[in-house]
Amino acid sequence: MDQKTRIEGLSKLKVFTGNSNPDVAHKICEYLKISLGDAYVGRFPDGEIDLKINEDIRGSDIFVVQSICPPVNDNLVELLMFIDCIKRASAARITAVIPYYGYARKDRKDEGRVPITAKLVANLICEAGVDRVVAMDLHAAQIQGFFDIPVDHIFAFPVLCEHYKSLNLSDAIVVSPDVGGIKIARAYSSKLNIKMAVVDKRRVGPEETEVGFVIGEVKDKNVIMIDDIIATGGSIAQAARVLKEKGAKDIYVGTTHAILCGKAAEKLASAPIKEVAVTDTIPLDGREKPLGEKISVLTISELLGEAIRRIHTNESVSAMFV
Ligand code: R5P
């Protein structure tokens, strides 16, 4: 496709969604004041995915919104099939908007004979034919480099920081529940203009962590503990107990990706935690119920909508986070 046709085509912005997170896709479209693209994503009787786009997309600038969240493998294949379908329907440009990038926690060979799934998934997405990717709070920022195409890395901290500002907490401190989260905790600490501390957590099994000590003074402070993911809830529940032992006042947990698998919500409900604020990168579908009034769900759809608008009109995306 020549450059002129490609640029003219980009005037038509369209957003499609798979089955992983249609609510966020609808809210993105509300923000952009467009209707959601018309597509059918169903199943054949044997469980294979059946997909058809029901409108003309030739020469359009297409954004497909899909989280790689449970059911992880189905949602990943839906995304790959969507990209393949859009490419074959002659779109001008395809952007995968991935609010939650799953398989990200295996981002290096930390022992022998293990896969690097974060790279494998990037390869699959590129091979399917995508032109660019928008991802939110990647588990490790270097995953951007696993793609040889542009990646816009979006952060949820403006949404969570607004929430914490509205709570007007006195004597607050940001805490990272592990050393890996220091960079993101620093972003919160600078945006909220408060100090930070770090919990020294080590993972000893998929559901088990060990906490050594806390770096920083949390005594008599209201803690805002930030993590990118809550999966089993083990890390956060254990860190909350240690922080309480160290004299912390109320503990507020803020997380972008609420996987909340197994008994995670129960575990958090029985931990010394006042509130768990999560975003809607992954639909909760009732898994949060055991947390009752303790849960707050914030939407990242406007952030994603604004990123899509800026990509479409060739404006800076990083300027959203200064
Ligand atoms: C670890 O590096 C992550 O940031 C999270 O702390 C971790 O994935 C949470 O897992 P879980 O909720 O199962 O402890």
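The values are calculated or read from the model by the stated rules, or taken from the named source; none is laboratory data. Because the structure is a prediction, the values reported are computed rather than measured. Cβ placement follows ideal geometry from the backbone for every residue including glycine, while neighbour counts extend to all protein chains displayed. Heads up: the accessible areas ignore ligands, DNA and RNA and are worked out on the full protein's heavy atoms, side chains in. Shrake-Rupley method; radii C 1.70, N 1.55, O 1.52, S 1.80 Å.
Quick notes on this structure:
- Rounded to two decimals, the Cα radius of gyration of the range 157-299 over 2.2 N^0.38 Å is 0.94.
- Set of lysines near residue 244 by C-alpha distance (under 25 Å), chain-local residues within fewer than 8 positions excluded: 165, 183, 191, 195, 201, 219, 221, 263, 267, 274, 289, 294
- Of the DSSP H helices in the chain, those whose Cα atoms cover at least 18 Å axially and whose Kyte score averages 0.5 or more: 72-88
- Counted over the chain, the DSSP beta bridges are approximately 20% antiparallel.
- Sparsely packed trypsin sites (Lys or Arg not before Pro) within the range 7-99, loop by DSSP, other Cβ within 10 Å at most 14: 33, 58
- Considering all C-alpha pairs of the range 22-101, those separated by over 18 Å amount to 42%.
- DSSP-defined antiparallel bridges as percent of all bridges, the range 171-240, nearest 5: 45 percent
- Local charge for residue 183 was computed over the other residues whose Cβ lies under 12 Å away, with Lys and Arg +1 and Asp and Glu -1, and equals -2.
- The range 157-299 - share of DSSP beta bridges that are antiparallel (%, nearest 5): 20 percent
- For residue 289, the solvent-accessible surface with a 1.4 Å probe is about 150 Å², rounded to the nearest 10.
- Average accessible surface area per residue within the chain, 1.4 Å rolling probe, Å²: 46 Å²
- The Cα center of the range 107-152 and the Cα center of the range 256-322 differ in position by 21 Å.
- List 134, 77, 322, 159, ordered by accessible area with a 1.4 Å probe, largest first: 322, 77, 159, 134
- Heavy-atom accessible area order for 136, 81, 320, largest first, 1.4 Å probe: 81, 320, 136
- To put it simply, the accessible area of the chain at a 1.4 Å probe is 50 percent carbon and sulfur.
- Exposure ranking of 90, 35 by accessible area [1.4 Å probe, largest first]: 35, 90
- Accessible-area value, residue 274, 1.4 Å probe, nucleic acids and ligands omitted, Å²: 110 Å²
- Shown in residue order for the range 257-268 are the 3J(HN,Hα) couplings computed by the Karplus curve 6.51 cos²θ - 1.76 cosθ + 1.60 at θ = phi - 60°: 10, 8, 5, 6, 8, x, 9, 4, 5, 4, 4, 6 Hz (x for Gly and Pro).
- Loop-located GluC sites (Glu not before Pro) across the range 190-253 with a Cβ neighbour count of 16 or fewer within 10 Å are 207, 217, with loop assigned by DSSP.
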